[in-house]
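Accompanying notes for the structure given below.
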Amino acid sequence: MKVKGFLIVLSGPSGSGKNTLISRVLPRIPNLKYSVSATTRAPRSGEVDGVHYFFVSDHQFDQMIAKNEFLEWAEFVGNRYGTPRPFVEKQIQQGHTVIMDVDIQGAVQIKRLMSDVVLVFLLPPTLDELRNRLKKRGQDATEAIAKRLEHSSEELEYIVDYDYYIVNDDLDRAAERLVSIINAERCRVARADLSAIQQLWQRRQN
Ligand code: ADP
Ligand code: 5GP
């Protein structure tokens, strides 16, 4: 059954498991596409340009802003991050669901542009566990980890603006919850192609 394209925004403190969860869920849902962001942050080891992010210079990021190439963009603990507009618009036009990992400032901007966006907030089980995961990931300097942890308490206040929350205690359970949210959102009558439903109905009657 055809469904109108829409956006799922996943936010949550750095280290809560957004990327891990998205990579678990992507292969499980047909026509679910990941929007790769642009960032001025340096790549972490193992991160691939064009796969995890488009890594750009400050100058390139400025140019992208000037050319209105971002759906939204924001500064997050000293680096800039933005969602390239053409990919998202094309996928939505094609009836796909686009999932993106965007901070709370980005989520607010997208909600203003697209009121039917689905906002999901990912929570670590505890702050101590968040600290452990950031340390275990071993990709950020001690100072960067401290900044990210400090920022996460402020972020939590914005959970009230979100539609759903998922506690990422056990990864399989968290993935199951995200899959359920996406599948339920695809069943909304408001997202259905009503002419396709009518055709299906007529075909069954004949
Ligand atoms: P984010 O994208 O939110 O910054 P990551 O996906 O990079 O977070 O996850 C941060 C770290 O936590 C990674 O090392 C990842 O393997 C680990 N992690 C993610 N989810 C879980 C989980 N449910 N249990 C234990 N470790 C997890
Ligand atoms: P990280 O440096 O850990 O990959 O990401 C830091 C923060 O930037 C996370 O909160 C993540 O959700 C956010 N982020 C990643 N891409 C984008 C984007 O395109 N736009 C905005 N606004 N935030 C983003």
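In terms of Cα atoms, the Rg and Dmax of the range 48-175 work out to 16.0, 43 Å. In the range 37-125, a dipole from Cβ-located charges (positive for Lys and Arg, negative for Asp and Glu) runs towards its positive end, and of PHE70, GLY46, GLN93 it is GLN93 whose Cα lies farthest in that direction.
Database remark: amide H of PHE70 closer than 5 angstrom to the amide H of ARG85 (H placed geometrically; neighbours at sequence offset of 5 or more, or on other chains; Pro and chain starts carry no H).
Distances between placed amide hydrogens fall under 5 Å for TYR34 paired with ILE99, all partners being 5 or more residues away or on another chain. Rg and Dmax, both from the Cα atoms of the range 148-195 and both in Å, are 15.0, 50. Our helix-only sum for the chain, with -39,500 (n - 2.57) per DSSP H run of n ≥ 4 divided by its residues, gives a mean residue ellipticity at 222 nm of -13500 deg cm²/dmol. With Cβ to Cβ distances under 13 Å as the rule, what net charge do the other residues near ARG112 carry (K, R +1; D, E -1)? Computed value for this residue: -2.
Coupling constants for the range 65-76 follow from the phi torsions by the Karplus curve (6.51 cos²θ - 1.76 cosθ + 1.60, θ = phi - 60°), and in residue order they are 5, 4, 8, 6, 7, 9, 6, 7, 8, 7, 9, 9 Hz; glycine and proline get x. Taking the Cα centre of the range 37-138 as origin and assigning +1 to Lys and Arg Cβ atoms and -1 to Asp and Glu Cβ atoms, the resulting dipole is close to 260 debye. Per q in 0.12, 0.17, 0.20 Å⁻¹, report the Debye log10 I(q)/I(0) for the range 75-132, using one uniform scatterer on each alpha carbon and no solvent. Values returned for q = 0.12, 0.17, 0.20 Å⁻¹ are -0.40, -0.72, -0.90.
Within the shell of other residues whose beta carbon sits under 11 angstrom from the beta carbon of ARG186, the net charge comes to +3, with Lys and Arg scored +1 and Asp and Glu -1. Distance from the alpha carbon centroid of the range 10-36 to that of the range 105-127 works out to 13 angstrom.
Where a number appears in this text, it was derived from the coordinates with a stated rule and is not lab data. Computed from a prediction, not measured in an experiment: that's the story for all the values here. A quick note on method: Cβ atoms are made from the backbone with ideal geometry, for glycine too, and the neighbour counts reach across all protein chains shown.
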